[in-house]
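Novice: Submitted below is the structure of interest, expressed as structure tokens.
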Amino acid sequence: MVSRRRFGDPSLHGMTDDELLDTRLCDLPIRIAGTPLESRIEQIHAELEYRGLRFRPHFWLSDEWFTPDGVPGVAVPFYLAHPRLMRLESRQMLEVEGGSDVWCMKILRHETGHAIDNAYRLRRTKRWREAFGAASKKYPQYYSPKPFSKSFVLHLDMWYAQSHPVEDFAETFAVWLKPRSPWRSRYKGWPALKKLEAVQQMMEDLGDAPMKVSNRRHEAPLKTLTQTLRQHYARKRDYYGIEFPGFYDHDLRRLFSADPAHADCPTAVQFLRSVRTAVRTRVAVWTGEYQYTIEQVLKQMTQRCRDLKLRQHRSRSETERDFLVLLTMQTMNYLHGGRHRLVL
């Protein structure tokens, strides 16, 4: 749930969405200090100290989550620095990535894994390569996860550890770093346990060692980003859209009816509009897919129902149940069709 605390510059609270969308990112009067982000970053530092590590990553605001290669620090998306911007993010993208305390900490631990990898050049070590493979492997634009694989930890959604060896390390580090994480019992009997034990040994070897890469560089800091929020969200929505054809006609005809005998029944379009928020949220939880992507599938299905003049002829509960299955299947086809985007 998006926080409603009125921290940050009060001028943003009174701005309309259009006024905000016409504002350049570099002109936003925001910073990390004095926001919930500050306390979450302090928590990351405390967790590193508890693990006996000297390493402390630095953080800055940018347009998205990322950790640049060769930088022992993390970029955090601007909207987390102000509740008004979080509400705008929710309206534009249907959810706020990292908007809750738990979700934000999961991403911060993951990105801290990238940062400590950079700080100590861990991927160049024999132990890292033996556990995770070659970091030089080309990053894919899409990947095909195997949901039942026990060779990878489960941390972020979408089986993200399976996307690339560098992400596998970051995910494994995040599971290891979390306080009171029962990773030994949770992953007992899994090949992933050997990766966690490798991270444990790597971190013990580091201990209080100074960083090999200690720059405090900020890549793409907010103050240098001159695009407006409108331009930013147009690009972001395009990225999280769908690129596969929506050939849903056969399944939709099985679920709904075009028979004139059902002319007095509610239209399928009316039904989909009434359930779209609930089913989109449930499918997002089940599949780990971004809600914006699921919304694009829903839009395609709604349009086809309109074109085919379909109507809801069965009970609402039965129709909703079967449509939930259909939407989940279409989303899973997207996930496992070799076309699942790498997002972090």
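Novice: How far is helix 83-93 tilted, in degrees, relative to the longest principal axis of the Cα atoms in the chain, given as a value from 0 to 90 rounded to the nearest 10?
Specialist: Helix 83-93 and the main axis of the chain meet at about 50 degrees.
Novice: State the extension gain, in nm to one decimal, for the chain segment bounded by Arg91 and Met329, taking 0.36 nm per residue of separation less the distance between their alpha-carbons.
Specialist: 83.1 nm
Novice: Let me ask you something else. If I build a Gaussian network model for the chain, linking alpha-carbon pairs within less than 10 angstrom, which residue out of Arg254, Arg273, Arg51 has the largest mean-square fluctuation?
Specialist: Judging by the Gaussian network model, the answer is Arg254.
Novice: I would also like to ask the following. What's the angle, to the nearest 10 degrees (0 to 90), between helix 165-177's Cα axis and the longest principal axis of the chain?
Specialist: 80
Novice: A further question on this structure: With everything on Cα atoms, drop me the angle between helix 229-239 and the longest principal axis of the chain, reported from 0 to 90° to the nearest 10.
Specialist: 80
Novice: So between Tyr50 and Thr226, what do we pick up on full extension, going 0.36 nm a residue minus the alpha carbon distance?
Specialist: Residue separation times 0.36 nm, minus the Cα-Cα distance, leaves 59.4 nm.
Novice: Would you mind computing, in nm to one decimal, how far apart the modelled labels at Asp18 and Asn215 are, each placed 7 Å from Cα along Cα→Cβ?
Specialist: Going by the 7 Å Cα→Cβ label model, 4.4 nm.
Novice: Continuing with the same structure: In debye to the nearest 20, how big a dipole does region 10-224 give about its Cα centre with +1 on each Lys and Arg Cβ and -1 on each Asp and Glu Cβ?
Specialist: 1160
Novice: If you don't mind, another one. Anything over 19 Å Cα to Cα? Flag those among Lys146/Lys236; Lys106/Lys236; Lys138/Lys236; Lys106/Lys178, in the order listed. Kindly include the intermediate steps, with their values, before the conclusion.
Specialist: Working: Lys146/Lys236 26 Å; Lys106/Lys236 22 Å; Lys138/Lys236 23 Å; Lys106/Lys178 8 Å.
Where the Cα-Cα span goes over 19 Å, the pairs concerned are Lys146/Lys236; Lys106/Lys236; Lys138/Lys236.
Novice: What does the convex hull of the Cα atoms come to per residue for the chain, in Å³?
Specialist: 153
Novice: Continuing with this model, one more query. Once Rh is set to the Kirkwood radius over Cα pairs, what Stokes-Einstein translational diffusion coefficient, in µm²/s, holds for region 242-341 at a temperature of 4 °C and a viscosity of 1.567 mPa s?
Specialist: 95
Each value in this text was obtained by applying a stated rule to the coordinates, not by laboratory testing. Predicted model only: the values in this text are computed from it and were never measured. Virtual Cβ from ideal backbone geometry, glycine too; neighbours counted across all protein chains shown.
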